[in-house]
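Undergrad: Dropping the structure in here first, questions after.
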Amino acid sequence: MTLFTLLIFFEFLELILCRDLTLEYGHMKPFGSGRPNIEVEEFQNFPSPKIFFENNVLPMKPLIMKGAAKMSPAYDLWTDDYFLGLAIPDDNMVLVETKKKENRSQPTLDMNFQNFVKIYNKTDQYMVNPVPDFLRKDIIFPCPLQCPALTEKLLVENVS
Ligand SMILES: *[C@@H]1O[C@H](CO)[C@@H](O)[C@H](O)[C@H]1NC(C)=O
Ligand SMILES: *[C@@H]1O[C@H](CO)[C@@H](O)[C@H](O)[C@H]1NC(C)=O
């Protein structure tokens, strides 16, 4: 470490240690209250790809897609009974962690999906797997996320 970087380091340390953090805006206030609130635009379900792109992606503006999840059949279909009643081959394995508390050295299991559904309520095990292929048919993705060609076209048109 050169003398210069050492000096910068101590300068930085001094700055942090000497600053009275209780005087900072938002101190002891609810998380997020240190910044001004902004209105977030709401859409029923999904906006069209063009609107989504021009309104939200390009200007990096957040939005709420109200009721969007309910459009997927999964919203009503996915119950344990439904999962257990599916005719799927035995070799449909999912990755399962054995402890809910984060621990990178915990043992993991490859488990048959339906066996997992049978035991997850009674154990500490939980699934850390993408949605298995046989369940994807139950999900409707918003068009802006599933039309990469269109998104790319809009991006090229708007950025160039
Ligand atoms: C993480 O899991 C390993 C293997 O089960 C265990 O030996 C270790 O004690 C755990 N660590 C913590 C912090 O719980
Ligand atoms: C697990 O618990 C939920 C909530 O209590 C219940 O609806 C579900 O039927 C249980 N599943 C199994 C397989 O016992």
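Undergrad: Out of curiosity, is Tyr82 out of contact with any Asp or Glu (no Cβ under 8 Å at 6 or more places or on another chain) and within 15 Å of ligand 2 (Cβ to nearest atom)?
TA: For Tyr82, the condition - out of contact with any Asp or Glu (no Cβ under 8 Å at 6 or more places or on another chain) and within 15 Å of ligand 2 (Cβ to nearest atom) - is met.
Undergrad: Let me confirm something: among Glu41, Glu54, which residue is loosely packed, with under 14 Cβ neighbours inside 10 Å and of a type outside the set (Ser, Thr, Tyr)?
TA: Glu41
Undergrad: Another one. In region 100-112, what residues are open to solvent by 80 Å² or more (accessible area, probe 1.4 Å) and in contact with a Phe, Trp or Tyr (Cβ under 9 Å, 6 or more places away or on another chain)?
TA: If the condition is that a residue be open to solvent by 80 Å² or more (accessible area, probe 1.4 Å) and in contact with a Phe, Trp or Tyr (Cβ under 9 Å, 6 or more places away or on another chain), then Lys100 is the only one that fits.
Undergrad: State all residues of region 81-99 that are open to solvent by 60 Å² or more (accessible area, probe 1.4 Å) and acidic (Asp, Glu); if no residue qualifies, say none.
TA: Answer for region 81-99, where residues must be open to solvent by 60 Å² or more (accessible area, probe 1.4 Å) and acidic (Asp, Glu): Asp81, Asp90, Asp91.
Undergrad: If we keep just the residues of region 68-79 that are open to solvent by less than 100 Å² (accessible area, probe 1.4 Å) and out of contact with any Phe, Trp or Tyr (no Cβ under 9 Å at 6 or more places or on another chain), which is farthest from ligand 2 (Cβ to nearest atom)?
TA: The selected residue is Pro73.
The values are calculated or read from the model by the stated rules, or taken from the named source; none is laboratory data. It should be emphasised that the depicted structure is a prediction, and the values quoted were computed from it without experimental measurement. Reconstructed Cβ throughout: ideal geometry from the backbone, glycine too, with neighbour counts over all protein chains shown. The area values use the complete protein model at the heavy-atom level, side chains included, leaving out ligands, DNA and RNA. Shrake-Rupley method; radii C 1.70, N 1.55, O 1.52, S 1.80 Å.
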